[in-house]
Amino acid sequence: MQPVVAELLSLLAEVAPRLARISAFIAAGVFAANVAVAFGLVRYVAGLAGWLTRPANLPNEVGTAILTTAASTTAGYATLAEYRESGLLDDRATLVAVVINTFFGFVQHVFTYYVPVMIPILGTEVGVVYVSARAGIALAITITGVALGGLFLSERNVDRAALADVDAGGPEDDDRGPRERVRDAAEKSWSTLRRIVPRLAVVYVVVIGLVTNYDVDSLTSVAEPITGVLGLPGEAVPVIAVYTLDTTAGAVTIAGTEPGTFTTRTAVATLLIGGILSFAVSTFRRSIPFQYGIWGAEFGTKVIAVNTALKLLFISLTVALLLAPVW
């Protein structure tokens, strides 16, 4: 019993400084991000929305929903649902608007999760490349939506007379005072830290324990035929497996591997492959309840199918580019 306790204490002593440093970065970053969102900083990014809706043959009012999405995904989708239910947009136009929404839905997560959480865990180089890749994927999907709107939408898909029946407010309706906004940002930050930090501690202990007590090379060698084809090390398999279930834990797992195991390109490609596989989990855990709640089962299924297909396509293309042997 004593050797086990001593070994556990040794692991905790090794984990504690790293966990404390990353937790401090995450706490500061998440709080700053939530304050920025509360004071409307993200809205300036969404000012580009009007430049996208017009080429997509969508009314300017759809830009309000896109702007709202950058501040609140739920509010943005609810605004689009209001446009659809009022008859302003038909199903085809609504699907195009949902696709265009992708990048702006991603924007808030850049400030509230990817920059303050993922980059400190992954390190500056890998973290920045990974976040840039995710942003590029989201932007490519949005541009695809604009192109689809330009090709397949016309006045037949939009009933501007229905605007009189629409009552959809945007983020400008937020009448909270500065003190209340900061307090709400602190509460959201504390909620995020309570969820993430204990999970980080558990994963760090498990990862360092495995590296310390087991021959990782032998554990991952069985996957070498598959990872070898992709140009990934065998250690990519446990990273992908963990990332499939939890993105933050997957990032911690890859950060805990021996230096030199992954290059920047293979590390980012491994995380993106984990993202492909995680769609099955996230679809049942989050997408189906959320989309069905917004749109109903029939149209919600269409939204999930379109979103998933485009994400799989562009993530796969990004992975292929990262692993291409020509550069």
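Would you mind stating whether V115 is part of a helix (DSSP H, G or I), among the β-branched types (V, I, T) and either at positive phi or modelled with pLDDT under 90 (or both)? Steps first, please.
Working: part of a helix (DSSP H, G or I): yes; among the β-branched types (V, I, T): yes; either at positive phi or modelled with pLDDT under 90 (or both): yes.
In short, yes.
Only one of (1) within 18 Å of P120 (Cα to Cα); (2) of a type in the set (S, T, N, Q); (3) out of contact with any Pro (no Cβ under 8 Å at 6 or more places or on another chain) is not met by S282, so which one is it?
Evaluating S282 over (1) within 18 Å of P120 (Cα to Cα); (2) of a type in the set (S, T, N, Q); (3) out of contact with any Pro (no Cβ under 8 Å at 6 or more places or on another chain) leaves (1) as the failure.
Can you pull out the residues in segment 280-327 that are touching a Leu at 6+ places or on another chain (Cβ under 7 Å), closer than 23 Å to D246 by Cβ and surrounded by 16 or more Cβ atoms within 10 Å (Cβ to Cβ)?
Those that are touching a Leu at 6+ places or on another chain (Cβ under 7 Å), closer than 23 Å to D246 by Cβ and surrounded by 16 or more Cβ atoms within 10 Å (Cβ to Cβ): I315, T318, V319.
Can T192 be described as part of a helix (DSSP H, G or I), polar (S, T, N, Q) and either modelled with pLDDT under 80 or over 21 Å from T68 (Cα atoms) (or both)? Can you show your working first?
On the way: part of a helix (DSSP H, G or I): yes; polar (S, T, N, Q): yes; either modelled with pLDDT under 80 or over 21 Å from T68 (Cα atoms) (or both): yes.
Here the answer is yes, as T192 does meet what is asked.
Here are V306, V242: which of them is more than 17 Å from I121 (Cβ to Cβ), in contact (Cβ under 8 Å) with a residue 12 or more places away in the chain and among the β-branched types (V, I, T)?
V306
Which is out of contact with any Pro (no Cβ under 8 Å at 6 or more places or on another chain), crowded, with 23+ Cβ neighbours inside 10 Å and either without any contact (Cβ under 8 Å) to a residue 24 or more places away in the chain or not basic (K, R) (or both), of T74, T69, T124? Spell out how you get there, then give the answer.
On the way: T74 fails: crowded, with 23+ Cβ neighbours inside 10 Å; T124 fails: crowded, with 23+ Cβ neighbours inside 10 Å.
Criteria check complete, one pass: T69.
Per-residue answers, yes or no, for (1) touching a Leu at 6+ places or on another chain (Cβ under 7 Å); (2) of a type in the set (A, V, I, L, M, F, W, C); (3) closer than 16 Å to L271 by Cβ:
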position	(1), (2), (3)
N60	no, no, no
I66	no, yes, no
D90	no, no, no
V96	yes, yes, no
V99	yes, yes, no
F104	no, yes, no
V107	no, yes, no
E125	no, no, yes
V128	no, yes, yes
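Can we say F103 is in a helix (DSSP H, G or I) and over 20 Å from A28 (Cα atoms)? Lay out the reasoning, then the answer.
Details: in a helix (DSSP H, G or I): yes; over 20 Å from A28 (Cα atoms): yes.
Taking the combined requirement at face value, the residue satisfies it.
Restricting to segment 77-94, what's the tally of residues that are crowded, with 24+ Cβ neighbours inside 10 Å and of a type in the set (A, V, I, L, M, F, W, C)?
Residues in segment 77-94 being crowded, with 24+ Cβ neighbours inside 10 Å and of a type in the set (A, V, I, L, M, F, W, C): 4 in total.
Mind listing just one residue for me: the one in segment 85-98 that is within 18 Å of N60 (Cβ to Cβ) and part of a helix (DSSP H, G or I) and, of those, farthest from the chain's Cα centre (by Cα)? Before the answer, list the steps.
Just the residues of segment 85-98 that are within 18 Å of N60 (Cβ to Cβ), to begin with: 86-90, 93-94, 96-98.
Now restrict to residues that are part of a helix (DSSP H, G or I): 86, 93-94, 96-98.
Numbers: S86: 30, A93: 24, T94: 22, V96: 20, A97: 19, V98: 16 Å.
My answer is S86.
The values are calculated or read from the model by the stated rules, or taken from the named source; none is laboratory data. Please read all numbers here as calculations on a predicted model, not as lab measurements. Ideal geometry is used to build each Cβ from the backbone, glycine not excepted, and the neighbour counts take in all protein chains shown.
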